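The next block holds one structure in the form of structure tokens; read it before the comments.
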Amino acid sequence: MSSGKDDERVFGKHETFYLTDDEFWSDIKDPYIEKLAKMEPEEVYPSNNPGSTLPDGSINFECHCVGHLVASPCGYEFRQALNCQKTAKDDEMEEGKCADELMNFMECVMRTNCFKSNNDDEKDKDSKEPAKS
Amino acid sequence: MLFFPEPLPPFVPQPQPHPTDILGRPKIPRISEDHKHQPSKDDFVAYAGGAAMVILTVAAVVTYSNIFNPKKHDDHHKAASHKEHHAPEPAAPPPAKSSHSEEKPCCDEAKCNEKKEEEKPCCDAEKCKEEKKECKEDCKKSDCKKEEGKSEEKQHHDNEKPSTSGSGSGATEDEPKSSSSEGKAHSEKIPDHVPYLMIGGGTASYYAAIAVRGKEAEAKVLIIGDEPSVPYNRPPLSKELWWYADPKSRDTLEYINVSGKRRDIFLESDGWFVPTGEISKASHGGVSLLKNHRVKRIDTKSKKVHLDDGRTIRYDKLLIATGGRPRKLKELQNADGLVRKKIVYLRDVPDYQKLEDICNESDTKRITEIGDGLLGTELAYSIKRKYPKLDVHQVIKGSGNLPNILPKELSELAKFELESNGVKIHSNAKIQGAESGKDGRAILKVSGEDLESDAIVVAIGIEPNVKLAKDAGLKIDPENGGILADSELQAAEDVYVAGDVASYEDSRLGRRRAEHWNHAEITGRLAGANMTGTKTKFWYQGMFFTKLASKLHVSAVGQTDSKLDTVAVCSKESEKQGGAKKCVVFYKEKDGKLVGVLMLNMFGPAIDVARRLIDDKVKVTSPTELAKLFPLYEAETPEKEDQKKEEK
């Protein structure tokens, strides 16, 4: 909400149109609107969340999905563990590769008590919360 | 009243033991009685080994963590239990600190010198001298009262939850209404220097810190906030904590969200923040939070901030995200003390708790809300929804709600919907003042009518906290009152802004300032990234969502100012079937180009469609065609088609 002043409100010119169900589903005449209507939702507009993978296939730690882990006091250990897991092959993982990195991360989490434990699941910090003025 | 159904936690049936398996064969007993399968010596050795491992693991956990330490609980949990032992003090405002400031100066020079050396040993004689001088100056200015300082410090240690004693009626930008740190001993160590410093402990600073750490793995960030808790989401204070509360929500600040999951308002736990005394030495950095402190002065030349207790912190990059404070209603400024106790300006947790306490009192009958904007209207609905027996009144100055956003016709529809939900609205009303009644209630005088009220909730907008920036020599936007910044949210060399205070250049919509949660998140992230050297211009429009009545969900993006010319396209059938009115409203510039979109009772990914249309500078020449991109009607399903055929 832009700052509301105490002055009298002057409304702009307003028009209202009504659409019936049939009119709404009738063919779109405008080619630009038709193009948008046929697009997948994710194609319509880019997200400000850059996604979890960089073009070279490595992990994007700027992804909102890992934001609060990366920024936590154990963020560095989290990066080490995830990078190791990403590059390790399945058989290497079975042989115990990345165990040290994961233990370092877990040890940091227990030491700092940095993540909430009162919730019944992990919060998605980056989901769009309802906003208000 | 029609509400969204509140989902219950799912019922999961437990499997019952059965003597036969799925194919009807008798099940093999789980513990064999055959002596071949009895444990041998080797098994007992293995048991002993297993037990030893369990003991070692527990010992390691005890050694390396504070998991069994009873003091480890998060502040808000501790505070919740603390609250139970103390009688609530909902209405007692803290003594006005500033009024005593010049009467009882008590800082002495020797103590100042001593403290300065204790906290921050100086290696440079000149610098030390300069800092001592500043400390003395700050001491002179501060209102440190020994006794009060001691008790405040104790309170700070005992109860780090948002204070419940804030009156909400006396705070100004310079006078924090919650506990101030002025005059108390330094209770926590702080770094002398930090690469990333953020002023303001809200959403914008939190997301800026996230962005900085996303860019730089080992970055060190310090957030300074004047509230006693970790950063939290403000929207639930007028939404979820009223809609999805349980009996303990007032203290736990938890609620069950629409998916049936328990949430609290806090963005992180206390442990997520590196203690302020450790951030300098943290080998892999982190985000630190200095609570209960205000920055009194910014020196952009020497890149230093001065705290309210006289200490200073140097920075490399600075973020100013000081938010806003509720605008005061001048008609109530001279009201007597009793009336003032009944006034709530909802902005923070103590305000919410004060309002909850009033609503919960057995003799409370009427809550009067002043203000026609988003927060005021949302609160009127929320209070009525949670306390249907209360008489909830709303006083508005025009003919409808949200007149700054909605076109007149829809603004009046909003009023109608609220009234249908039981809120009594006084439109075209003029507030003449307030006085205390015989039974301790406040009497609000509205257009010649006396409204006896147990609480007067005032929500007439936000005043951005820009004094600090102004005093530092930064420019203030004369139009929107924010701190003037460029499209990268930079206000001066190494100084950035985000959230409510930011007046920034939007390449599509011009100079803007906005006060929404999503906007604080977006500008916070952008400012944080740009502080690390990324030079990204503002591009992603923030949206807002609210529910103002059972049939009134509003979501919008872009410039949604009712002064602009508007076109609404609405569905015809929805109303006929008793459903909520569905409309999409297009806001146009003078040349007819689309600058904002508002949706009434519509959901889904259409907000991104609106962002695209605004970016593409679409002309609103054929609004009924454009409206086909918004979910005015549900998609055709085979069942729906069959139903239609039958009708024909």
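Coordinate-derived values only; no laboratory data. Every value quoted in this text rests on a predicted model; they were computed, and no experiment measured them. Cβ sites come from the backbone with ideal geometry, for glycine too, and all protein chains shown count toward neighbours.
Overview of values
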{"item": "Shape call, the stretch A:64-112: gyration tensor on alpha carbons, a/c limit 1.5", "result": "oblate"}
{"item": "Amide H contacts of B:Glu463 (H built 1.01 Å from N, under 5 Å, at least 5 apart or other chain)", "result": "B:Arg325, B:Arg327"}
{"item": "Point-to-point label distance, A:Asp100-B:Lys189, nm (Cα→Cβ direction, 7 Å offset)", "result": "3.0 nm"}
{"item": "Pair B:Lys563, B:Leu56: separation of 7 Å Cα→Cβ label points (nm)", "result": "7.3 nm"}
{"item": "Per-residue ³J(HN,Hα) for the stretch B:352-361, Karplus 6.51 cos²θ - 1.76 cosθ + 1.60, θ = phi - 60°, Hz, x for Gly and Pro", "result": "4, 5, 4, 5, 4, 4, 5, 4, 7, 5"}
{"item": "Entries in A:Lys13/B:Lys593; B:Lys220/B:Lys296; A:Lys13/A:Lys35; B:Lys220/B:Lys304 that, when Cα-Cα distance is taken, lie over 18 Å", "result": "B:Lys220/B:Lys296; A:Lys13/A:Lys35"}
{"item": "Coil-residue trypsin sites (Lys or Arg not before Pro) of the stretch B:306-393, DSSP, other Cβ within 10 Å capped at 12", "result": "B:Lys365, B:Lys389"}
{"item": "Amide H contacts of B:Glu452 (H built 1.01 Å from N, under 5 Å, at least 5 apart or other chain)", "result": "B:Leu444"}
{"item": "Contact order relative to length of the stretch A:64-112, as percent, for alpha carbon pairs under 8 angstrom and 6 or more apart", "result": "41 percent"}
{"item": "Residue pairs, from the table B:Lys317/B:Lys617; B:Lys475/B:Lys590; B:Lys215/B:Lys281; B:Lys386/B:Lys430; B:Lys365/B:Lys582, whose Cα atoms sit over 24 Å apart", "result": "B:Lys317/B:Lys617; B:Lys475/B:Lys590; B:Lys386/B:Lys430; B:Lys365/B:Lys582"}
{"item": "Built amide H within the under 5 Å cut-off of A:Tyr45, gap 5+", "result": "none"}
{"item": "Beta bridges by DSSP in the stretch B:330-460, antiparallel share as percent, to the nearest 5", "result": "40 percent"}
{"item": "Note, ³J(HN,Hα) from phi for the stretch B:551-565, Karplus 6.51, -1.76, 1.60, rounded to Hz, x at Gly and Pro", "result": "10, 9, 9, 10, 9, 8, 8, x, 8, 10, 10, 5, 6, 6, 6"}
{"item": "Under the Karplus curve 6.51 cos²θ - 1.76 cosθ + 1.60, θ = phi - 60°, whole-Hz ³J(HN,Hα) for the stretch B:300-312, x wherever Gly or Pro sits", "result": "6, 6, 8, 6, 9, 10, 9, 7, 5, 9, x, 6, 10"}
{"item": "Gap separating the Cα centres of the stretch A:101-116 and the stretch B:416-479, nearest whole Å", "result": "47 Å"}
